[in-house]
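The values are calculated or read from the model by the stated rules, or taken from the named source; none is laboratory data. All values derive from a computational prediction rather than experimental measurement. Because the Cβ atoms are built from the backbone with ideal geometry, glycine has one as well, and the counts that use them run over all protein chains shown.
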Amino acid sequence: MTAAGGPRPATGRSARPAPVRRRRWRRAADTVLVIAVVAATVGILLVALTTGTLLGRMTTEVAVAQQRATTLATSQRTALQLQQQVAAYQTGGNSSALEIQRGLLVRQLEVARVRFDPGSPPERDLAELRTAVAAFPWHRLQPGSGTEDGVLTVSAVALVSYVDLRVRALYGAEESYFYQATVDSLQAKKQSQYALAGLVLLVVLLVCGWVAMFVRRTRARTDARLRHQATHDALTGLPNRTLVTSRLTETVAHARRTGGTATAVLVDLDGFKSVNDSLGHQCGDDVLLRVAERLRGCVRDRDTAARLGGDEFAVVLPGGTAEQGLAVAHRLLDALRGPISVAGQEIRIGASVGVAELSGHTTAEELLADADMAMYASKHSGKGRVLLFEPAMRDRALERGRLSRLLAAAVGRDQIEVHYQPIVRLADRRVTGMEALARWRVSDEEVVGPQVFIPVAEETGLICEIGGSVLRQSCRTLRDWRSRVPGAADLGVTVNVSGWQLTATDYSLLVADVLAETGLPPDALTLEITESMLLEDSDTLTAELARLRALGVRLAMDDFGAGYSSLSSLLRFPIDMLKIDRMFLDVGSSSLVRAVAELGHSLGLTVIAEGVETAEQLALVRSAGCDAVQGYLVSRPLPAADARLFLAWAASGDEIATLMAAV
Amino acid sequence: MTVRLLAGLALAALLAGCGGGDPAAAPDRTADGAAVVLRAATLHPGEPVPAPVGTPLITVTGKVGAATQGGTLALDRRTLARLTQVRLTTYEPWVKRDLSFRGVWLTDLLALAGATGVTEVRVSALDDYEVGFDAAELRAGGILLATSDGDGADIPIDDGGPTRIVFQRGLKAGVNADQWIWSLRSIEVR
């Protein structure tokens with residue numbers, strides 16, 4: 001059991017405010033990341049720079065220390081050589097070698113001095129040593145010791161030893177400094193490497209995190225877009241059939257759980273096809289957009305307006321009753337009636353609306369189907385209306401489906417028969433023609449009339465087969481009668497043609513084929529068309545009628561006066577005959593019949609009165625000036641065999657004349 | 001307008017042409033006191049070299065064509081003075097200042113010694129220090145055997161005398177200060 005208050009139907013609206021907050025949070029995270037990356041990068045650069053400078057300075061210092069150490073080592077070696085020369089001089093007495101060695105030491109001390117900064121202690125030391133060596137009176141040294149110069153020799157040895165000592169001390173200091181500097185620089189290098197590695201790692205991690213975040217966000221956005229595309233109509237942005245079905249399923253489930261209800265409203269535009277055809281698809285799309293806008297404006301927030309496809313829309317009202325549904329439907333219809341201006345034109349578009357409320361239904365699909373049936377019924381009851389679903393509609397729809405299946409089977413089994421109703425010319429009371437009428441023999445006893453199955457046949461397209469079969473059968477029968485029945489040599493036949501047949505198939509080719517096959521003169525065949533057909537006024541229809549006329553076939557206008565009467569259609573189309581609707585006879589107004597007959601005559605047409613059932617009616621049409629009559633008074637429609645008997649009887653005896661005269 | 005522009009262009013071209021042909025553009029080697037020939041040679045390669053009087057200033061050994069003492073060319077100061085005399089001012093890397101020297105080009109000395117097919121020259125000092133110059137460094141020239149300072153006075157041994165090798169300014173062979181050998185004893189041609 002659900003908690004009090006119950007779950008609201010999921011509409012996706014309650015989650016709206018969250019993305020804004022999340023977006024702000026993401027922006028802050030982005031900023032922090034960018035700052036972190038930039039800071040880390042700057043850190044890396046700083047560390048690299050300072051380390052570079054430090055290492056460069058260390059390297060220079062190490063090199064200098066090394067040079068100093070080398071020079072000092074050379075100086076020390078030279079001093080030792082001088083000491084050897086002094087000793088050698090005491091024993092051998094090579095004064096020039098001593099002189100050279102002394103000079104070399106002076107030179108070497110000078111070179112070493114220059115290596116140090118002027119005024120520094122080592123520099124002063126070396127300068128002092130150099131001066132001492134240069135100033136010593138080497139020339140006064142005498143070979144052999146023990147003389148007064150022996151003191152000098154001792155002094156010389158002492159001086160050189162002192163130089164050696166001092167230089168060695170300097171060398172030691174320099175060497176230790178060199179080692180220290182080397183160790184320091186190595187350490188600095190290592191430390192900087194650690195720091196760099198750490199920082200680089202940090203930057204890499206941050207960038208990876210950033211990229212991951214970006215990828216996730218992009219994917220989420222793409223997913224959302226794809227989901228939206230899959231569940232919404234591309235043109236109007238309204239939810240599509242998929243989404244509305246799923247919402248309806250949720251709604252139905254929720255209603256069943258809580259004992260609530262739901263209502264579906266189905267809207268089908270009237271006359272949208274002609275807008276599309278006459279103004280182009282661009283205008284058609286514009287119209288659909290306007291309709292979608294108006295639809296959106298008519299529903300509450302919790303309701304769902306959707307486009308199911310083509311010019312079909314739906315509104316789902318969760319918790320809505322049939323009354324609410326009807327109210328919404330009427331509001332919709334009113335909203336849609338307003339003119340729509342498209343491509344500089346004012347278009348008025350209507351709609352047929354069906355409403356169905358959830359009642360014992362099990363699925364969302366069934367609810368939609370009910371609304372669809374109601375809409376269908378509305379469309380067929382004259383468009384521009386709102387109808388509430390009634391179970392009878394489903395029965396009718398089921399009946400229609402059953403009929404169409406049976407009819408298809410019947411056509412396959414040749415169960416469509418042709419019956420014939422005689423047409424009698426009033427002037428000489430002769431049977432001049434027969435109207436061929438299709439009959440569906442369901443069983444031996446049951447025969448179904450065309451008013452039941454022709455609409456179904458037209459819907460399912462079976463009309464072409466049925467019409468063709470009727471045409472062929474009746475022409476063959478007529479040829480048979482004309483050759484065999486006495487007095488029927490110039491008999492004609494009248495066949496009804498559906499507008500659907502004329503526009504959808506090459507009907508004139510079929511007629512030519514049948515005429516050629518039967519060898520009948522074309523004027524023996526009369527094709528009956530209805531007024532409403534002519535109202536459609538399509539180019540295909542006009543062209544087809546012209547072709548039929550060219551064949552020599554005669555054309556009759558059936559049910560004249562029954563629907564929208566348009567005198568202009570009589571003038572525009574090549575009609576030979578006018579069949580006055582039985583309605584005029586029911587009214588019993590001789591002046592009306594006379595008016596129509598006179599109109600027909602004035603246009604040069606033959607005028608036939610249909611449905612003449614009583615002697616009074618016959619008298620009426622006769623007095624009105626009709627040329628021929630047809631009806632139960634003469635004969636009901638007869639099967640071919642009976643019709644033949646009727647013809648023979650009519651030709652042979654004068655009983656019909658008696659019958660007619662009696663009237 | 002156009003005419004004036006064309007005239008300007010022509011003038012510019014003329015000036016440019018004159019500038020290109022200016023003979024004064026030749027570099028003056030004396031301008032920075034680098035190398036000045038003081039006196040032309042009076043002793044040429046192939047001529048007999050007189051034997052040294054007293055202690056020779058320098059000896060040339062190894063692949064030597066002309067010899068004064070059994071396979072060795074020993075030269076005293078007077079004989080060296082008969083070769084082309086050059087004064088060179090250059091930066092002395094050991095005392096770290098500019099100094100002037102007089103002496104002979106090492107290549108002139110090798111030519112006098114009749115050294116051919118030289119691959120290396122090894123120079124050794126009184127304290128047995130040694131440096132070498134390869135054929136490429138010798139071909140590049142600019143290596144001076146200094147015999148006196150810029151004023152013509154002998155170089156005391158305290159200052160790297162009596163003879164030493166100095167390099168013309170900016171010479172590649174003289175970049176390393178260790179090559180600036182002083183107090184020479186002999187030159188060996190290999």
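Among the numbered criteria (1) surrounded by 16 or more Cβ atoms within 10 Å (Cβ to Cβ); (2) within 16 Å of A:Leu269 (Cβ to Cβ); (3) of a type outside the set (D, E, K, R), which single criterion is violated by A:His380?
Unmet for A:His380, out of (1) surrounded by 16 or more Cβ atoms within 10 Å (Cβ to Cβ); (2) within 16 Å of A:Leu269 (Cβ to Cβ); (3) of a type outside the set (D, E, K, R): (1).
So B:Ala115 ticks every box in (1) closer than 18 Å to B:Thr61 by Cβ; (2) within 14 Å of chain A (Cβ to nearest Cβ); (3) not in a strand (DSSP E or B) but one. Which box is left unticked?
(2)
Can you spot a residue in the stretch A:219-230 that is in contact with a His (Cβ under 8 Å, 6 or more places away or on another chain) and under 30 Å from A:Leu288 (Cβ atoms)?
Step one: of the stretch A:219-230, the residues in contact with a His (Cβ under 8 Å, 6 or more places away or on another chain) are none.
Looking through the stretch A:219-230, none of the residues is in contact with a His (Cβ under 8 Å, 6 or more places away or on another chain) and under 30 Å from A:Leu288 (Cβ atoms).
In the stretch A:76-99, which residues are modelled with pLDDT under 85, away from every other protein chain (no Cβ under 14 Å) and touching a helix residue (DSSP H, G or I) at 6+ places or on another chain (Cβ under 7 Å)?
A:Gln90
Under the condition of being surrounded by 15 or more Cβ atoms within 10 Å (Cβ to Cβ) and charged (D, E, K, R), which residue from the stretch A:297-317 is farthest from the chain's Cα centre (by Cα)?
Pass one, the stretch A:297-317, residues surrounded by 15 or more Cβ atoms within 10 Å (Cβ to Cβ): A:298-299, A:302-308, A:311-317.
Pick out the ones that are also charged (D, E, K, R) and you get A:302-303, A:307, A:311-312.
Values: A:Arg302: 25, A:Asp303: 23, A:Arg307: 13, A:Asp311: 16, A:Glu312: 17 Å.
Step by step, filter the stretch A:297-317, then rank; the result is A:Arg302.
Scan (1) without any contact (Cβ under 8 Å) to a residue 12 or more places away in the chain; (2) over 30 Å from A:Glu323 (Cα atoms); (3) buried (at least 16 other Cβ atoms within 10 Å of the Cβ) for the single condition A:His232 breaks and write down its number.
Unmet condition: (2).
Which of the residues belonging to the stretch B:68-97 are within 14 Å of chain A (Cβ to nearest Cβ) and free of Cβ contacts under 8 Å to residues at least 40 places away in the same chain? First the steps, then the outcome.
Looking only at the stretch B:68-97, we keep the residues that are within 14 Å of chain A (Cβ to nearest Cβ), and these are B:91-97.
Result: B:Val95, B:Lys96, B:Arg97.
Any idea how many residues of the stretch A:111-126 are at the interface with chain B (Cβ under 10 Å from one of its Cβ atoms), assigned to a helix (DSSP H, G or I) and more than 16 Å from A:Val160 (Cβ to Cβ)?
3
B:Ala40 fails exactly one of the following numbered conditions: (1) surrounded by 15 or more Cβ atoms within 10 Å (Cβ to Cβ); (2) of a type in the set (A, V, I, L, M); (3) away from chain A (no Cβ under 14 Å). What is the number of that condition?
The one condition B:Ala40 does not meet is (1).
Only one residue in A:Leu206, A:Leu129 is modelled with pLDDT under 90 and in contact with a helix residue (DSSP H, G or I) (Cβ under 6 Å, 6 or more places away or on another chain), so which one is that? Working first, answer last.
On the way: A:Leu129 fails: modelled with pLDDT under 90.
Of A:Leu206, A:Leu129, the one residue that is modelled with pLDDT under 90 and in contact with a helix residue (DSSP H, G or I) (Cβ under 6 Å, 6 or more places away or on another chain) is A:Leu206.
State yes or no: is A:Val252 more than 17 Å from the chain's Cα centre (by Cα), more than 23 Å from A:Ser352 (Cβ to Cβ) and either at pLDDT 85 or above or not hydrophobic (A, V, I, L, M, F, W, C) (or both)?
Working: more than 17 Å from the chain's Cα centre (by Cα): yes; more than 23 Å from A:Ser352 (Cβ to Cβ): yes; either at pLDDT 85 or above or not hydrophobic (A, V, I, L, M, F, W, C) (or both): yes.
When the stated conditions are applied, A:Val252 passes them.
Having 2 or more residues that are without any contact (Cβ under 8 Å) to a residue 24 or more places away in the chain is the bar; report the strands (runs of 3 or more DSSP E) wholly within the stretch B:130-170 that clear it. Please lay out each step first, then the result.
Numbers: elements: B:130-134, B:143-149, B:164-167.
Fully inside the stretch B:130-170 and qualifying: B:130-134.
Go over the candidates B:Leu73, B:Leu83, B:Leu109 one by one and state the one that is surrounded by 17 or more Cβ atoms within 10 Å (Cβ to Cβ) and assigned to a helix (DSSP H, G or I).
Working: B:Leu73 fails: assigned to a helix (DSSP H, G or I); B:Leu83 fails: assigned to a helix (DSSP H, G or I).
Going through B:Leu73, B:Leu83, B:Leu109 in turn, the sole match is B:Leu109.
Against the definition (without any contact (Cβ under 8 Å) to a residue 40 or more places away in the chain and farther than 26 Å from A:Ala29 by Cα), how does A:Ser155 come out, yes or no? Even if it seems obvious, please write down each step before you answer.
Numbers: without any contact (Cβ under 8 Å) to a residue 40 or more places away in the chain: yes; farther than 26 Å from A:Ala29 by Cα: yes.
Yes, satisfied.
Being of a type in the set (Val, Ile, Thr) and at pLDDT 85 or above is the filter here, so list the residues in the stretch A:331-356 that pass it.
Of all residues in the stretch A:331-356, those of a type in the set (Val, Ile, Thr) come to A:340, A:342, A:347, A:349, A:353, A:355.
If the condition is that a residue be of a type in the set (Val, Ile, Thr) and at pLDDT 85 or above, then A:Val353, A:Val355 are the ones that fit.
Can you confirm whether A:Tyr171 is of a type in the set (Phe, Trp, Tyr), more than 60 Å from the chain's Cα centre (by Cα) and modelled with pLDDT of 90 or more?
Working: of a type in the set (Phe, Trp, Tyr): yes; more than 60 Å from the chain's Cα centre (by Cα): yes; modelled with pLDDT of 90 or more: yes.
Criteria met by A:Tyr171.
Within the stretch A:481-494, can one find any residue that is touching a strand residue (DSSP E or B) at 6+ places or on another chain (Cβ under 6 Å) and under 27 Å from A:Arg402 (Cα atoms)?
Keep residues of the stretch A:481-494 that are touching a strand residue (DSSP E or B) at 6+ places or on another chain (Cβ under 6 Å), which gives A:492-494.
Those left that are additionally under 27 Å from A:Arg402 (Cα atoms): none.
No: the stretch A:481-494 contains no residue that is touching a strand residue (DSSP E or B) at 6+ places or on another chain (Cβ under 6 Å) and under 27 Å from A:Arg402 (Cα atoms).
If you check A:Ala212, A:Ala224, A:Ala195, which single one turns out to be out of contact with any Pro (no Cβ under 7 Å at 6 or more places or on another chain), part of a helix (DSSP H, G or I) and crowded, with 16+ Cβ neighbours inside 10 Å? Give the derivation first.
Values: A:Ala212 fails: crowded, with 16+ Cβ neighbours inside 10 Å; A:Ala224 fails: crowded, with 16+ Cβ neighbours inside 10 Å.
Checking each option against the conditions leaves just A:Ala195.
Would you be able to tell me the number of residues in the stretch A:474-517 that are within 51 Å of the chain's Cα centre (by Cα) and in a helix (DSSP H, G or I)? Steps first, answer last, please.
Filtering the stretch A:474-517 down to residues within 51 Å of the chain's Cα centre (by Cα) leaves A:495-514.
Narrowing further to those that are in a helix (DSSP H, G or I): A:499-504, A:507-514.
So the count comes out to 14.
Residue check: is B:Asp149 closer than 19 Å to B:Asp76 by Cα and either out of contact with any Leu (no Cβ under 6 Å at 6 or more places or on another chain) or within 14 Å of chain A (Cβ to nearest Cβ) (or both)? Don't jump to the end; show me each part of the working.
Numbers: closer than 19 Å to B:Asp76 by Cα: yes; either out of contact with any Leu (no Cβ under 6 Å at 6 or more places or on another chain) or within 14 Å of chain A (Cβ to nearest Cβ) (or both): yes.
Criteria met by B:Asp149.
Kindly provide the set of residues from the stretch A:570-591 that are in a helix (DSSP H, G or I) and over 59 Å from the mean Cα position of the chain (by Cα), ordered by number. Spell out how you get there, then give the answer.
Applying the first criterion (in a helix (DSSP H, G or I)) to the stretch A:570-591 yields A:570-572, A:582-587, A:590-591.
Passing the criteria: A:Ser590, A:Ser591.
Give the residues of the stretch A:132-145 that are within 13 Å of chain B (Cβ to nearest Cβ) and assigned to a loop (DSSP other than H, G, I, E, B), sorted by residue number.
Once the filter is applied, which keeps residues that are within 13 Å of chain B (Cβ to nearest Cβ) and assigned to a loop (DSSP other than H, G, I, E, B), the stretch A:132-145 yields only A:Phe136.
Report every pair of residues separated by at least 6 positions or lying on different chains whose Cβ atoms are under 7 Å apart, first residue within the stretch A:576-587 and buried (at least 19 other Cβ atoms within 10 Å of the Cβ), second of a type in the set (S, T, N, Q) and at pLDDT 80 or above.
From residues that are buried (at least 19 other Cβ atoms within 10 Å of the Cβ), the pairs are A:Met577/A:Thr526; A:Met577/A:Thr606; A:Leu585/A:Gln617.
Exactly one of these conditions fails for A:Ala322: (1) surrounded by fewer than 24 Cβ atoms within 10 Å (Cβ to Cβ); (2) within 19 Å of A:Gly271 (Cα to Cα). Give me its number.
Condition (2) is where A:Ala322 drops out.
Sort out which residues of the stretch B:91-119 are basic (Lys, Arg) and over 14 Å from the mean Cα position of the chain (by Cα), and write them in order of number.
If we filter the stretch B:91-119 for residues that are basic (Lys, Arg), which is where we start, we get B:96-97, B:102.
Passing the criteria: B:Lys96, B:Arg97.
For the stretch A:51-77, what are the residues that are touching a residue at least 24 places away in the same chain (Cβ under 8 Å) and either loosely packed, with under 15 Cβ neighbours inside 10 Å or polar (S, T, N, Q) (or both)?
A:Thr51, A:Thr59, A:Gln66, A:Gln67, A:Thr71, A:Thr74, A:Ser75, A:Gln76
Out of A:Leu170, A:Leu129, A:Leu104, report the one residue that is within 14 Å of chain B (Cβ to nearest Cβ), over 30 Å from B:Pro56 (Cα atoms) and buried (at least 21 other Cβ atoms within 10 Å of the Cβ). Break it down into steps so the answer makes sense when it comes.
Details: A:Leu170 fails: within 14 Å of chain B (Cβ to nearest Cβ); A:Leu104 fails: over 30 Å from B:Pro56 (Cα atoms).
Only one candidate qualifies: A:Leu129.
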